[in-house]
């Protein structure tokens, strides 16, 4: 019996660069793992190949070698005109604006963007910018959003926030979580030796709340080390704060490593101080490896990831943070790696998330 072969869906992913970050990691994951039988994928990177920290082996990648997203407009236009993709998928704010604006020129193109922040929190930061710049950005964002067909939200928190801010209606919104990579192995046993080793992975910005973690650690009485992986504008401030708090000798700072998973395996407890999040990849990876976490309550899907007593704790303030640090330290044997990793793997395993994305992409082009 003859059967008509299903036409592949042609998807072009677009991102500013492939430097270290959660959004970059997710885009590479999608480009690598979507079924080659169902999809033809191209990854468009505005920046330079030399800045990439992720392996793109097996991905059709086009580096535009531009320093600014706005400078890439005509290059991306020519690529879209030549290859005529079915879906254009962008992530991160400036790219999302560009994707929306470009889509006006290609009426049959399905335009998808992925948000990385809780927008109401991000807008508080935007208020510090000059008035004209804020008005201009709001106008461009609204113009782009009018053409965007679907917005991917990483968490229910993010979806609810977008609805409350009135940026988009529910018909455009789709919740698709970030995955726990298949590359992450569950460590065989929970570490119990001293000193207690804490770890945090993330960009050194005010949003990430490293400062309140340092203040808490300065008040604990047992021996510890604290590894901070990441770089950013608050690096000097944080190292100075650690010195002023008298704990600089306990801090290990690693600006970047491509062996994050190996670092997570070696540590006892993951700490997160963020004031708000998107859907924190580093927290997912820590729990996926079997390393329990203590995190401050914050918008951005943390309550969808954490399960108190099973894989760690969500706390409301610094006093409670210190209290839970002491509790987990004294009861590490209760947080077996298999128990810690089970929840996130069952909800956010790579195979589960990639299947959800594939179903979504097929649905929006039929």
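Things worth noting here:
- Residue list for the range 116-153, restricted to those being within 17 Å of the chain's Cα centre (by Cα) and at pLDDT 90 or above: 151, 152, 153
- All strands (runs of 3 or more DSSP E) inside the range 93-209 with 2 or more residues being free of Cβ contacts under 8 Å to residues at least 60 places away in the same chain: 110-114, 150-153, 173-175
- Top-ranked residue in the range 218-233 [being buried (at least 18 other Cβ atoms within 10 Å of the Cβ) and without any contact (Cβ under 8 Å) to a residue 60 or more places away in the chain; ranked as nearest to residue 258 (Cα to Cα)]: 229
- Residue match in the range 289-299 (condition: at pLDDT below 95 and in the same structural domain as residue 204 (by TED's automatic domain parsing)): yes
- Qualifying positions in the range 51-84 - over 18 Å from residue 95 (Cα atoms) and either modelled with pLDDT under 95 or part of a loop (DSSP other than H, G, I, E, B) (or both): 53, 54, 55, 56, 57, 58, 59, 60, 84
- Test result for residue 47, at pLDDT 95 or above and surrounded by 23 or more Cβ atoms within 10 Å (Cβ to Cβ): no
- When residues in the range 269-286 are screened for being in a helix (DSSP H, G or I) and over 17 Å from residue 192 (Cα atoms), 5 of them pass.
- Residues in the range 238-257 that are in contact (Cβ under 8 Å) with a residue 24 or more places away in the chain and over 24 Å from the mean Cα position of the chain (by Cα): 241, 242, 245, 246, 247, 250, 251.
The values are calculated or read from the model by the stated rules, or taken from the named source; none is laboratory data. Keep in mind that this is a model prediction, so the values were computed, not measured. Note that each Cβ is placed from the backbone with ideal geometry, even for glycine, and that neighbours are counted across all protein chains shown.
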